[in-house]
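Inspection log for the structure reproduced underneath, given as structure tokens.
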Amino acid sequence: MQLHCTRPKCSSPINHFSDLDNPNLPHPLAQKYCSACRMELILRGRYLPVSLLGKGGFGTAFLAKDFDSPTQRRCVVKLFQPPVTLTPPQLATAQRLFNQEAIVLERLGLQHPRIPNLYAYFPLLVTNPLNNQSEELFYLVQEYVEGDDLEKLLDRQGRFSEPDIEKVLAAMLDVLGFVHDNGAIHRDVKPSNIIQGKDGKLSLLDFGAVKEVTTPTAGRRGPTTICSPDYAPPEQIMSGQVDQTSDLYALAATCVVLLTDRDSNQLRDPVSNRWNWQSSTQISTGLAQVLEKMLQPKPRDRFPNAAAVVEALTKNAQSTVSPQARATGRAIMGSSAQSAQSVSVTPSQPKPTPPLANPKVGSPANPKQSSPPVVPASAPVQLLSVPRFLGNAAFAGVEGGLLAVACLSTLGTTLVGGGAWLAMLAVLVALQLRRAIEGMDLVIIAGVTLAVIAFFSPLHSILGGGGWVPIAVIAMMAGGVMVIVAIVFRLIFSLLSRIM
């Protein structure tokens, strides 16, 4: 049998013991030690870590076997392992968060079928072989949910269909509503923390980020601020402040990523904090409106709680002709016992997906599955990403400077020269807005314009000679000025959008 050493940074953590394969081992088990670091391998005399599951946050998770359980059930052993760079106050906060997971799992796990149960929580005093000093390690043992998380399912099968997302919402709103009603906030809802078990049920994992509602919120971010920026709302990313709507925002962000099979940084504008996702999928107007409201940048503009989202989804399901949608509405409004029923995600079409007639509009994940007629949802104004926006501004400035040199050299400082310059610049800007030219096109056009003006002396006669160097300097200065103007404009637009 293989045992995995749980000591952090063990040089050779894999150990093999053939005697442990004997089905008639006596109780209690004789302790086993790591051959590399002499760490105790059998935790508390009963938990046998067999393999590494993963690392993240402030801990390392191991798949283990509980020798003392009647069926020798599998479980998850989590080791508290904070970064060594933490200051003493940060370390204390990290320890509190790890303790918090044990408290929440013990309080809530037995009460809800979609939250893993806590089996044990204990410290272990060990000796560090490098300095012969004692150190205390903290372990948490919880229920093992066998299956795949939604991030792995997305990688394997491609984008989720609308019925799939309705099932995810039904299950997770049930869990979050229960968590919130019990005075806690999860703070780290994302695809990798939602797992579909072998029985088809969806469970919410990783309660190490849970925050009690009564706990004061820190005023600044730091190494102990737990969230996933790809899914967290603006207020959590910027200040660590959370409430019930923060979990709902993260759940909606999860659904959008699953619907589109695109990274969140491709869908969310970092300046306006708006999600531009509806052109990348095709769903009913009702569901799109619910997700949009959950994704509002300001907490006060979102649904106030999970029950309000359930109510909106139920109204949407009741107004839809599809029996599938009505069944989903009944599932959402069911009791806690009904919500524990299987809600397995229907496997959708595996990758690679077939070419779409319109590459900007996705198709449902399973084309064979009947679905209600799709009405294109009204999408918000889509802003360019910051790099593309600034790149376009730089191109406009560079090209404007080069064309100004050419027009002034050939037509002079006249209305004709000014009009010709404005006309050419307007055409280039229009082509950018229509995305007829973008990306490398901008670099090529600017390079060709610089070469032409530098090669033909009449086009830069106003500079009185000097070759291409002064032309390039003018172009770079014009580009820099335009970038500054664009940044100021975007900041003003962002402030006005937040106020309005």
### Query
Quick check, is residue 147 in contact (Cβ under 8 Å) with a residue 60 or more places away in the chain and at positive phi?
no
### Summary
Checked pairs for segment 98-121, first assigned to a helix (DSSP H, G or I), second β-branched (Val, Ile, Thr), C-beta under 8 Å and 6 or more apart or across chains, list as 100/210; 101/210; 104/210; 105/115; 108/115; 108/179; 109/115
### Query
Residues 253, 232: which one is modelled with pLDDT of 85 or more, in contact with a Phe, Trp or Tyr (Cβ under 9 Å, 6 or more places away or on another chain) and part of a helix (DSSP H, G or I)?
253
### Which numbered condition residue 492 fails, given (1) loosely packed, with under 14 Cβ neighbours inside 10 Å; (2) assigned to a helix (DSSP H, G or I); (3) at pLDDT below 75
(3)
### Query
For segment 152-188, how many residues meet the condition of being under 21 Å from the mean Cα position of the chain (by Cα) and part of a loop (DSSP other than H, G, I, E, B)?
7
### Summary
Scanning segment 279-304 residue by residue, those part of a helix (DSSP H, G or I), farther than 20 Å from residue 314 by Cβ and in contact with a helix residue (DSSP H, G or I) (Cβ under 6 Å, 6 or more places away or on another chain) turn out to be 280, 299
### Query
Of all residues in segment 402-457, how many are among the hydroxyl-bearing types (Ser, Thr, Tyr), surrounded by 15 or more Cβ atoms within 10 Å (Cβ to Cβ) and out of contact with any His (no Cβ under 8 Å at 6 or more places or on another chain)?
2
### Query
Which of (1) under 21 Å from residue 119 (Cβ atoms); (2) surrounded by 14 or more Cβ atoms within 10 Å (Cβ to Cβ); (3) under 33 Å from the mean Cα position of the chain (by Cα) is the odd one out, the single condition residue 13 does not satisfy?
(1)
### Query
Among all residue pairs at least 6 apart or on different chains, which show Cβ distances below 8 Å where the first residue, located in segment 304-330, is assigned by TED's automatic domain parsing to the domain that holds residue 291 and modelled with pLDDT of 90 or more and the second is assigned to a loop (DSSP other than H, G, I, E, B) and crowded, with 19+ Cβ neighbours inside 10 Å?
309/303; 312/303
### Query
Is it true that some residue in segment 202-212 is surrounded by fewer than 18 Cβ atoms within 10 Å (Cβ to Cβ), closer than 15 Å to residue 107 by Cα and modelled with pLDDT under 90?
yes
#### Entry: Output for segment 163-173, where each listed residue is buried (at least 24 other Cβ atoms within 10 Å of the Cβ) and either farther than 14 Å from residue 194 by Cα or free of Cβ contacts under 8 Å to residues at least 40 places away in the same chain (or both)
166
### Message
Suppose we filter 69, 35, 18 for residues that are among the polar types (S, T, N, Q) and closer than 25 Å to residue 128 by Cβ; which single one remains?
### Response
35
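The values are calculated or read from the model by the stated rules, or taken from the named source; none is laboratory data. Note that the coordinates shown come from a computational prediction; the quantities given were computed from them, not determined experimentally. Using ideal geometry, Cβ is built from the backbone for each residue, glycine included, and neighbour counts are taken over all protein chains shown.
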